[in-house]
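Heads up, the thing below is written out as structure tokens.
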Amino acid sequence: MVWNPRFSDRLNERRARVTVADLPAHVHDRLRHYQAAAQAKNTSRSYRSQLRLFKEWCERNGYSHRPPVPPAVVAHWLIERADAGASRSTLAVALAPINRGK
């Protein structure tokens, strides 16, 4: 077989387009399991709390909290949290579960 660099480039392009969303559901479940196991319990508790606050805020303001959440909605929520006095580190923790699509 003769090496064809164009074939290799096309193969790499296809691989680059595969995302977590493309994986089968059972793989998603295993991925969530391993992610949860990798986090400290307090981190998971904090993420759950922040996600609950975000969901409640979305419901009060007529937004969907289901992924993918538009960046403008997340920015609106973070601005309101910052205006209420949330620290930069609190905002980073608040953003983490949304970015993970939990």
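The values are calculated or read from the model by the stated rules, or taken from the named source; none is laboratory data. Because the structure is a prediction, the values reported are computed rather than measured. FYI the Cβ positions are ideal-geometry reconstructions off the backbone, even for glycines, and counts take in every protein chain you see.
Listed values, structure above:
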{"quantity": "Pair list, Cβ under 8 Å, 6 or more apart: the range 59-85 residue in contact (Cβ under 8 Å) with a residue 24 or more places away in the chain and of a type outside the set (Val, Ile, Thr), other residue in a loop (DSSP other than H, G, I, E, B) and surrounded by 10 or more Cβ atoms within 10 Å (Cβ to Cβ)", "calculated": "PRO67/GLY101; PRO68/GLY101"}
{"quantity": "Selection from the range 70-102 of residues that are in a loop (DSSP other than H, G, I, E, B) and over 16 Å from LEU51 (Cβ atoms)", "calculated": "PRO70, ALA84, GLY85, SER87"}
{"quantity": "Subset of the range 32-61 (residues that are closer than 21 Å to ARG81 by Cα and hydrophobic (A, V, I, L, M, F, W, C))", "calculated": "LEU51, LEU53, PHE54, TRP57, CYS58"}
{"quantity": "The range 47-85: number of residues that are closer than 13 Å to ARG100 by Cβ and in contact with a Pro (Cβ under 9 Å, 6 or more places away or on another chain)", "calculated": "5"}
{"quantity": "Residue list for the range 35-52, restricted to those being surrounded by 10 or more Cβ atoms within 10 Å (Cβ to Cβ) and in a helix (DSSP H, G or I)", "calculated": "GLN35, ALA36, THR43, SER44, ARG45, SER46, TYR47, ARG48, SER49, GLN50, LEU51, ARG52"}
{"quantity": "Tally, over the range 83-102, of residues that are surrounded by 14 or more Cβ atoms within 10 Å (Cβ to Cβ) and more than 23 Å from VAL20 (Cβ to Cβ)", "calculated": "3"}
{"quantity": "Single condition HIS65 does not satisfy, out of (1) surrounded by 11 or more Cβ atoms within 10 Å (Cβ to Cβ); (2) part of a helix (DSSP H, G or I); (3) at pLDDT 85 or above; (4) not β-branched (Val, Ile, Thr)", "calculated": "(2)"}
{"quantity": "Lone unmet requirement of (1) modelled with pLDDT of 90 or more; (2) loosely packed, with under 11 Cβ neighbours inside 10 Å for THR19", "calculated": "(1)"}
